[in-house]
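The values are calculated or read from the model by the stated rules, or taken from the named source; none is laboratory data. Because the structure is a prediction, the values reported are computed rather than measured. Using ideal geometry, Cβ is built from the backbone for each residue, glycine included, and neighbour counts are taken over all protein chains shown.
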Amino acid sequence: MDHENPLLVIASIVGLATAVFIHLLLTRMTDGKRAYGCVLRGVVCGAFTTGLISIIALWPPTVSSTIFVDEAPAIKLTSRSFVLTDSFLLFFNLVIFAGLGFCYINFVGLSIASLRIRMLQELLAHPEGMRLEDILANYNPRVLIDNRIDRLTTGGQLVEKDGRFHTGRRGVLWAARIMNFMKFIILGNR
């Protein structure tokens, strides 16, 4: 089967662009309060877009065969069916997008959770510089834990009852499981 449709080539890239756009749109709409949820929703939309574009590029699926009479082609039959080659092309595009999405999620996660990047951003916001005491005051372990607890309770992942914290929404937990699974698939057992 001959597939020269350029949509097949760009499907994963368009999917990634969709993921970035949806992520940014949702982040703006929520004022950045659910950063991981926004990026995951964007990646899901990107995967859907990749699959949809791939299916559109493969449509209409055709299989042709020729009936020979006395060793001469007599009738050419064309039937529509989604053949194995099409399935592999669709699967291949989704695997490519999964790799791109994994890289994008980690890139965004790095900028959200990395202490080094946050410190550099804060230093860039203070062109006059910062004293070591000010940096240490902002980044002592108690402040970091308080910030994370605030972020998790605001997002609904933690719930406080009677002075004890319990798990709330499990979206971040599922995201972490998916990321660990993807990391295992891509990097192996490291």
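Out of the residues in segment 64-102 that are touching a Ser or Thr at 6+ places or on another chain (Cβ under 8 Å) and at pLDDT 90 or above, which is farthest from ILE53 (Cα to Cα)?
Among them, the one singled out is LEU100.
Quick one: in segment 21-49, of everything that is aliphatic (A, V, I, L, M) and surrounded by fewer than 16 Cβ atoms within 10 Å (Cβ to Cβ), which residue is nearest to the chain's Cα centre (by Cα)? Steps first, please.
So the first thing to find is which residues in segment 21-49 are aliphatic (A, V, I, L, M), and the list is 22, 24-26, 29, 35, 39-40, 43-44, 47.
Applying the additional criterion that residues be surrounded by fewer than 16 Cβ atoms within 10 Å (Cβ to Cβ) yields 24-25, 29, 44.
Values: LEU24: 13, LEU25: 15, MET29: 19, VAL44: 6 Å.
Residue satisfying both the conditions and the ranking: VAL44.
Those residues that are more than 14 Å from the chain's Cα centre (by Cα) and in contact (Cβ under 8 Å) with a residue 40 or more places away in the chain, I need them from segment 7-20; list them, please.
Let us first name the residues in segment 7-20 that are more than 14 Å from the chain's Cα centre (by Cα), namely 7-11.
LEU7, LEU8, ILE10, ALA11 - these are the residues of segment 7-20 that are more than 14 Å from the chain's Cα centre (by Cα) and in contact (Cβ under 8 Å) with a residue 40 or more places away in the chain.
How many residues are modelled with pLDDT of 80 or more and surrounded by 13 or more Cβ atoms within 10 Å (Cβ to Cβ) when one looks only at segment 107-143?
The number of residues fulfilling the criteria is 6.
Could you tell me whether ASN93 is of a type in the set (S, T, N, Q) and within 16 Å of the chain's Cα centre (by Cα)?
On the way: of a type in the set (S, T, N, Q): yes; within 16 Å of the chain's Cα centre (by Cα): yes.
Spelling it out, ASN93 is indeed of a type in the set (S, T, N, Q) and within 16 Å of the chain's Cα centre (by Cα).
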